[in-house]
Each structure stands twice: as C-alpha cells, then as structure tokens.
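So the structure is just underneath, and the comments pick up after that.
The values are calculated or read from the model by the stated rules, or taken from the named source; none is laboratory data. Just so you know, these numbers come straight off a predicted model, no measurement behind them. Every residue, glycine as well, gets a Cβ built from its backbone with ideal geometry; the counts of neighbours run over all protein chains shown. Side chains included, ligands, DNA and RNA excluded: accessible areas come from the protein's heavy atoms. Shrake-Rupley method; radii C 1.70, N 1.55, O 1.52, S 1.80 Å.
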Amino acid sequence: MNPKTLGYTTMIVSATLMGCVGLFSRNINTSGDVIAFTRMIVGAICILAIMLYQGKAQQIKNVKLTPAVITSGVCLGLCLAAYVSATQYTTLANAVFLIYTGPVFSTILAAIFLKEKISALTASMLTAVFIGCLFIIGIISYQPQTGLTLSLSFSKQNMVGDILGLMSGIGYGLYLFFSRYRTDISSDSRSLFNFSFGAIAIAICFMVNPPSLATMDSTSWLWLISMGFFIGFGALSLLTIAAKHLKAAELACISYLETVVGAGLGILVFSESLTVLQAIGGILVIGGGMGEIVINIIKKRALGHKPQSHQPHPQP
C-alpha cells in the first residue's frame with residue numbers, strides 16, 4: 001500500500017474510533033473520571049510495550065522531565081475526564097464540538113505568552129469557532145416569536161454537560177499550549193508521558209473524591225475493557241502509524257472527523273437532535289478549526305505548481 005494511502009486510512013480509522021467515546025461511555029455505569037483513567041492507563045501500557053518492543057528504552061530514559069512535560073500530561077488527563085463526563089450529561093454533538101474549541105484557547109495563550117502574531121485569517125477562524133460555540137450551548141438562540149436572542153445562561157437540560165464540555169475544551173487548549181514548549185521530544189515518548197501524567201492527575205482526584213464502582217455490572221466492565229482496547233490501544237496505535245506518513249496539517253484536518261462521528265452517533269444511536277443553530281455552530285467549529293490548515297495547504301500546492309519561469313531568480 002502506498003505510504004500516503006496507509007497514512008490516510010489509519011488516521012481515518014483512528015479518528016472514527018476516537019469519535020466513539022460517547023457511545024462507550026454511555027454504556028458504562030460509572031463516572032467519567034474512572035473511564036478516562038482506564039483509557040490513560042491502557043494507553044500508557046500499550047505505548048510503553050510498543051517502545052520496549054522497538055528497543056526504545058534508552059530513548060525514554062533520555063527524556064528530561066520539565067514542568068511543561070508534566071503539565072501537558074496533567075491537562076490531557078483532566079481534559080479527557082471532563083470530556084467523557086460531558087458525554088454523559090449533554091448531547092454527544094455538544095460534547096465533541098465543545099472540546100474542539102481547544103485550539104482557540106491554545107492560540108490565544110500562544111499570542112499572550114509566546115508573543116505569536118495572530119493573522120487576519122487566524123482571527124477570522126477563531127471568531128467562527130467562538131460564535132459556533134455560542135450557538136451550540138444556546139447562549140445565542142432562535143425563537144420564531146423573538147428571533148435571535150443573546151442570553152448569558154446555559155440550557156437547563158444540558159447545563160452541566162455543556163460546562164464540562166467547555167472545561168474539556170479549555171483543558172485541551174492548555175494541553176496543546178504546554179506541548180509547544182518541548183518539541184524536542186519524540187511523538188511516542190511524548191504520548192507515553194502524557195498518558196502517564198494524565199493517569200496520575202486523575203488518580204490524585206480520586207483521593208479527593210473516591211469513585212464508586214458499585215453500579216458496575218458485567219456489561220459495563222465489558223464496555224470499559226473494550227473501550228480501553230479499541231480507543232486506547234487501537235486508536236493510539238493507528239495514530240502512531242499515521243503520524244509516520246502524514247504531515248501535521250493533514251493529521252489535524254482528518255482529526256476533525258471525530259466531531260462528525262460523535263455527532264452522528266448521538267443522532268443515529270441515541271435519537272438526539274440538533275437545532276438549526278447548533279448544526280450551524282458545529283459547522284463553524286469544524287470550519288474554523290481546520291479552515292486555515294486547508295487554505296495554507298492549497299496555497300502551498302499552488303506555489304509548488306507554479307512554472308519555474310515565474311519564480312524569482314537569485315540575485316548575484
């Protein structure tokens with residue numbers, strides 16, 4: 001199989017599996033932090049086993065742990081715990097769209113602390129994601145009698161889940177932001193430490209608020225183990241393969257398939273519905289999240305296909 005085809009195929013399957021988080025979590029009779037902890041542990045064990053099999057033990061030892069490495073893992077663990085919990089309290093569409101507001105927070109933090117400039121294109125994309133978020137959680141709503149209304153309140157029905165969804169988006173943004181401080185670490189080593197410190201962070205939360213497994217029946221345990229295998233090990237392994245054959249921008253674009261899968265499962269499996277504004281909001285989040293990446297890819301390809309005579313000649 002062509003390397004690019006292999007990369008696209010594995011990434012599509014990985015993103016599809018990631019989009020099934022809500023399907024699994026709603027069939028497990030326990031809290032979201034327990035589910036997230038299991039996924040973190042399974043991910044850490046699997047990536048460690050893969051690295052040891054590939055003879056990369058020394059690579060793990062050579063990684064210098066810094067606050068940025070630890071914090072990025074902690075943020076990922078808490079972000080996932082909030083996201084899984086959100087799928088249990090709000091619609092799957094709301095939960096998956098809201099976690100993908102993370103790049104907005106990451107970009108804002110980078111502009112403040114890393115002094116990165118925000119271009120007009122980036123600003124427009126971030127605005128689209130922000131407006132989409134307001135549509136999804138109902139702060140901007142529409143009624144035939146009153147038209148468009150702006151209200152600083154959440155929908156009562158999904159309030160807890162929507163707040164958790166926003167928290168997962170903030171956590172995801174912090175994870176992306178802190179990950180930028182140590183780009184020298186290989187992707188597999190980074191994954192190992194992210195999963196490990198994410199699990200440790202959730203375990204510390206367990207000490208403050210011990211989880212209960214009293215409601216876990218055999219079916220729940222089966223779903224939990226299956227989730228750890230398919231979404232923990234399966235999605236992670238496929239993502240690792242895809243990362244070897246695709247560029248970061250290509251990976252980022254395909255990852256948004258997760259939002260479509262998550263929202264689709266909510267509608268098809270759980271008979272959830274989206275208002276017209278929520279659907280528009282989801283489109284804005286997806287479009288704003290991957291719009292700049294797509295535009296930049298198109299620009300690069302256009303420049304790459306220009307005739308040689310149109311290229312500026314080096315000055316003597």
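Just a few scattered comments:
- All lysines inside 21 Å of Lys56 as judged from Cα atoms, apart from same-chain residues fewer than 8 positions distant: Lys64, Lys244
- The heavy atoms of Lys300 present about 150 square angstrom of accessible area, all protein chains included, probe 1.4 Å.
- Accessible surface of the range 3-301, 1.4 Å probe, proportion on carbon and sulfur as whole %: 71
- Accessible surface comparison of Val260, Val96, Val208, probe 1.4 Å, protein chains only, largest first: the order is Val208, Val260, Val96.
- Among Ile70, Ile112, the order of accessible area from largest down is Ile112, Ile70, computed with a 1.4 Å probe on protein heavy atoms.
- Gaussian network model of the chain, Cα within-10 Å springs - most flexible of Phe113, Phe233, Phe177: Phe113
- Helix screen, the chain: DSSP H segments with Cα axial length of 18 Å or more and mean Kyte-Doolittle hydropathy at least 1.0 are 32-53, 67-89, 120-137, 159-179, 187-208, 276-304.
- At a probe radius of 1.4 angstrom, the accessible area of the chain per residue rounds to 52 square angstrom.
- Result for the chain in a Gaussian network model with C-alpha springs under 10 Å: among Gly234, Gly77, Gly288, the largest mean-square fluctuation is at Gly234.
- Basic side chains Lys and Arg get +1 at the Cβ, acidic Asp and Glu get -1 at the Cβ, and with that the dipole of the chain about its Cα centre reaches some 1000 debye.
- Solvent-accessible area of Tyr256 with every protein chain in place, 1.4 Å probe, in Å² to the nearest 10: 10
- For the range 57-130 versus the range 174-253, the gap between their alpha-carbon centres in whole angstrom: 13
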